[in-house]
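**Q** Below you will find the structure I want to go over with you.
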Amino acid sequence: LRDQIRRLVRLQAIGFEIRDAEAAHAAGPVRIAALEEEFRRNMEEIGAARLRHEDLVLERQRLHEERESLQKKLEAGHQKLMQVSNQREYSAVLNEIDANRSSLATTEEGISRCDEEIEQLSAPAAEADERIEAARGEVERLIDEVRREQETLAERIAALHRQRDEIVAELPPALARRFEQISRARDGIALAAIDAGACGACHVRLRPQVISLARRSADIVLCDSCRRILYVPPEEPAQGEADDKPEDGRSLGDHSASAGH
Ligand SMILES: [Zn+2]
C-alpha cells in the first residue's frame, strides 16, 4: 500500500502540474491580446509626431486650395472694379477686394506656419517611423515567444497526461477510481499529508488512532472531516525507507526525471 500511496502522491502532483500547465495554456491568447493592445497604445504615443505631420500636410494642401480660390476672387474683383458704373458699386467691390485680400493674408500665414511645423516635424516623424518599426518587430517577437510557449505547454500537457495514464495503469482499478472520485469532489486534491497531527488539506486535527493507521499503511485512511486520503509526508519515512526499497526510489526518480522534459 505504501507503494500505491506513493503513486497517488505522484498522481496528485501530476494533476497539479496539468492544472497549472492548462491554466498557463489558456492564458496564452489573453497575453497575445494584451501585447497587441499595448502596441496599439504605444503607436498613439510614438506615432504622435507622424500623425501630426500627416495632419499638417493635409492642412497645408487645404490652405493651398483656399489660396488659389481667394486669388481667383481677387482677380475677379479687379475685373469688376474696372466695370463698375457708380460710386456705390465701386465701394462695394473695393470692400470685397479688401476682405479677400485680408483672408488671403491669413491663408498665407497659415501656409507658412504649416511649412514651418512640417519642417520641424520631419525629423521626429522619421524617427517615429523607425520607432514604430522597432516596436512592431518587438511585439511580433514577443507574440512569437508566447506562441512557442503555447506549443511547449501543449506538448507538456500531453506528456503529463501520458504519465498520469501510466501511473493509473499501475494502480489497482478500485483505488484509481476512488482517487479520481475524491479528486473530482475535492477540488483536484484527493490526498492530504498529515501535518503536525492535522489534515494537511482541511487542517482539522486528526485522532491519534487515525494517524497511527496511516503510518502503518495497512489500509487507506481518510480524513474524518474532508474525506481525503491521508498519508505520511515523504520527509518522515524517506530516510528510513530509501534503503529498504531502492527499487521504488528508482522508479519514483524515473518519473520525476521524465517529468522534467
Ligand atoms: Zn481533512
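The values are calculated or read from the model by the stated rules, or taken from the named source; none is laboratory data. These numbers were taken from a predicted model, which means no experiment stands behind them. Using ideal geometry, Cβ is built from the backbone for each residue, glycine included, and neighbour counts are taken over all protein chains shown. SASA here: full protein model, heavy atoms, side chains in, ligands and nucleic acids out. Shrake-Rupley method; radii C 1.70, N 1.55, O 1.52, S 1.80 Å.
**Q** Is it true that residue 219 is modelled with pLDDT under 95, in a loop (DSSP other than H, G, I, E, B) and within 16 Å of the ligand (Cβ to nearest atom)? Give the derivation first.
**A** Details: modelled with pLDDT under 95: yes; in a loop (DSSP other than H, G, I, E, B): yes; within 16 Å of the ligand (Cβ to nearest atom): no.
So residue 219 fails the test.
**Q** Does region 25-43 hold any residues that are in contact with a Leu (Cβ under 8 Å, 6 or more places away or on another chain) and open to solvent by 40 Å² or more (accessible area, probe 1.4 Å), and which are they?
**A** Let us first name the residues in region 25-43 that are in contact with a Leu (Cβ under 8 Å, 6 or more places away or on another chain), namely 25, 28, 35.
The answer is 25, and nothing else.
**Q** Right, next: Counting only residues that are of a type in the set (A, V, I, L, M) and more than 7 Å from the ligand (Cβ to nearest atom), which one in region 189-208 is surrounded by the fewest Cβ atoms within 10 Å (Cβ to Cβ)? Step through it out loud before you land on a result.
**A** Taking region 189-208 first, the residues of a type in the set (A, V, I, L, M) are 189-194, 196, 198, 201, 204, 206.
Of the ones still in play, those that are also more than 7 Å from the ligand (Cβ to nearest atom) are 189-191, 193-194, 196, 198, 206.
Working: 189: 18, 190: 22, 191: 22, 193: 18, 194: 20, 196: 8, 198: 17, 206: 23.
Per the criteria, the residue is 196.
**Q** Residue 133: open to solvent by 70 Å² or more (accessible area, probe 1.4 Å), of a type outside the set (S, T, N, Q), at pLDDT below 95 and under 54 Å from the mean Cα position of the chain (by Cα), yes or no? If you could, list the steps in order and put the result at the bottom.
**A** Values: open to solvent by 70 Å² or more (accessible area, probe 1.4 Å): yes; of a type outside the set (S, T, N, Q): yes; at pLDDT below 95: yes; under 54 Å from the mean Cα position of the chain (by Cα): yes.
Yes.
**Q** Any idea which of 122, 212 is within 30 Å of residue 64 (Cβ to Cβ), away from the ligand (no atom under 16 Å from the Cβ) and more than 34 Å from the chain's Cα centre (by Cα)?
**A** On the way: 212 fails: within 30 Å of residue 64 (Cβ to Cβ).
Of the residues listed, the single one that is within 30 Å of residue 64 (Cβ to Cβ), away from the ligand (no atom under 16 Å from the Cβ) and more than 34 Å from the chain's Cα centre (by Cα) is 122.
**Q** When both residues are 6+ apart or on different chains and their Cβ atoms are under 9 Å apart, which pairs have a first residue that lies in region 200-217 and is free of Cβ contacts under 8 Å to residues at least 12 places away in the same chain, and a second that is outside any loop (DSSP other than H, G, I, E, B) and not aliphatic (A, V, I, L, M)?
**A** 203/195; 205/199
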